[in-house]
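**Q** Below is one structure. I have some questions about it.
The values are calculated or read from the model by the stated rules, or taken from the named source; none is laboratory data. What you see is a predicted model, and the numbers here were worked out from it, not measured in a lab. Don't worry about glycine lacking a Cβ; one is built from the backbone with ideal geometry, like all the others, and counts go over all protein chains shown. The protein model used for the area step is the full one, side chains on, heavy atoms only, and it has no ligands, DNA or RNA in it. Shrake-Rupley method; radii C 1.70, N 1.55, O 1.52, S 1.80 Å.
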Amino acid sequence: MEVINTNEEKYDRKAELQAFDETKAGVKGLVDGGVTEVPRMFVQQSQTEDSTIRSYKKLLIKLPIIDLDGIKEDPIKRKKIVQEVGHASETWGFFQVINHGIPSHVQDEMKDGVRRFFEQDTEVKKQWYTRDLTKEFTFNSNFDLFRGPVTNWRDTFRATIAPIPPSPERLPPVCRDILLEYTNQVMKLGDTLFEILSEATGLEPNHLKDMGCMEGLLALGQYYPACPQPELTLGASKHADNDFLTILLQDHIGGLQVLHQNHWVDVPPTPGALVVNVGDLLQLISNDKFKSVDHRVLASKVGPRISLACFFMTNFAPTQRLYRPIKELMSEHNPPKYRETTIAEFTTYFNNKGLDGTSTLLHFRL
């Protein structure tokens, strides 16, 4: 009789990944099938390093919440908001915004739209399942499934919204209208935030927009099913975003954590608020003035957790724009820290590397 050997060399991770990918049902498919243990491909091997950070988590420090009320009408309020956003972007790399102009009913409908997409009939949903990231709309589980060191407990759809708007008929009917409506409003909010960030560096309000920071928008709908053994895995491994700026809509469940002064700090869901964070490309062009910070999402027995993240970046759009640290910010005491790059090169490096816990920016440092 053959004894089943569970030793490391006998475990065929690639075969497990392949079988999972071929179901085209994602993590939700496992949960729907009644899985009671987290499959091995999801088990985080390196939780030890993170748990030492986690055990010292300070509960007293809170992510800044910035009120954008009056930003357009009141120059005194605007000056205060510019200072607050600048300070938060330099010290935290993350902040929440309230009174941002996107009505709560639009936010709620967007969260419902994400849920509707993932909870529709699996056979219908499968038509969108692909690993071809050049398509306007894709659904899959873990963009880095075959490259990342570990698999995360989440499913994702991604929609390219700009620079080339998607044809509505190529978007899923269950979330098409709200996705276009919500992202249209996010573009307006992004316009305001890039002005504020420009002013916070002492530049003209349109400087970052004129550089093309707002040209592209990628929307990622994330679905984190309830997990039977949340301590063994993560919803999203530690990573920084490979864009200029991210605007995140999250539901009430929580789980997002930001690495601040070597402590994992919870980002508690605040009703009506949106989470904003600096991406790697903004850190690069600001020459480290603004910080792109590592963050992660914990798995939970409660779920699903629903979120929609909007990334300002052109992704694979054929733009030849070169990005380097802004020359107006350079001086003898502040020489450039990064070489120039295109967004396509930056994105390709990030995607090939996967969420492996290392910094994309290091590769571009001089």
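**Q** Probe radius 1.4 Å, ligands and nucleic acids ignored: give me the carbon and sulfur share of the accessible area of segment 57-363 as a rounded percent.
**A** Heavy-atom surface of segment 57-363 belonging to carbon and sulfur, 1.4 Å probe: 54 percent.
**Q** Same structure, new question: Given the peptides 30-40, 353-363, arrange them by the average over their residues of other C-beta atoms within 10 Å, most packed first.
**A** Ranked by mean Cβ neighbours within 10 Å, highest first: 353-363, 30-40.
**Q** Let me check I've understood the local charge: for Pro172, count other residues with C-beta under 10 angstrom from its C-beta, Lys and Arg +1, Asp and Glu -1. What total comes out?
**A** +4
**Q** Could you pull out every one of the lysines with an alpha carbon less than 26 Å from that of Lys125, ignoring same-chain neighbours closer than 8 positions?
**A** The qualifying lysines are Lys14, Lys24, Lys28, Lys111, Lys135, Lys301.
**Q** Rolling a 1.4 Å sphere over the protein heavy atoms, what is the accessible area per residue of segment 57-363, to the nearest Å²?
**A** 40 Å²
**Q** Hey, another quick one. Please state the shape class of segment 57-363: rounded when a/c is under 1.5, otherwise prolate if a/b exceeds b/c and oblate if not, all from the C-alpha gyration tensor.
**A** In terms of gyration-tensor shape, rounded.
**Q** For segment 57-363, what is the charge dipole size about the Cα centre, in debye to the nearest 20, if Lys and Arg each add +1 at the Cβ and Asp and Glu each add -1 at the Cβ?
**A** 620 debye
**Q** Considering the options Ile326, Met41, Gln107, tell which one lies farthest towards the positive end of the dipole of the chain, charges being +1 on Lys and Arg and -1 on Asp and Glu at the Cβ, about the Cα centre.
**A** Positive-most Cα among the choices belongs to Ile326.
**Q** Among the GluC sites (Glu not before Pro) within segment 108-176, which fall in a DSSP loop and have no more than 15 other Cβ atoms within 10 Å of their own Cβ?
**A** When the GluC sites (Glu not before Pro) of segment 108-176 are filtered for loop state and at most 15 Cβ neighbours within 10 Å, Glu136 remain.
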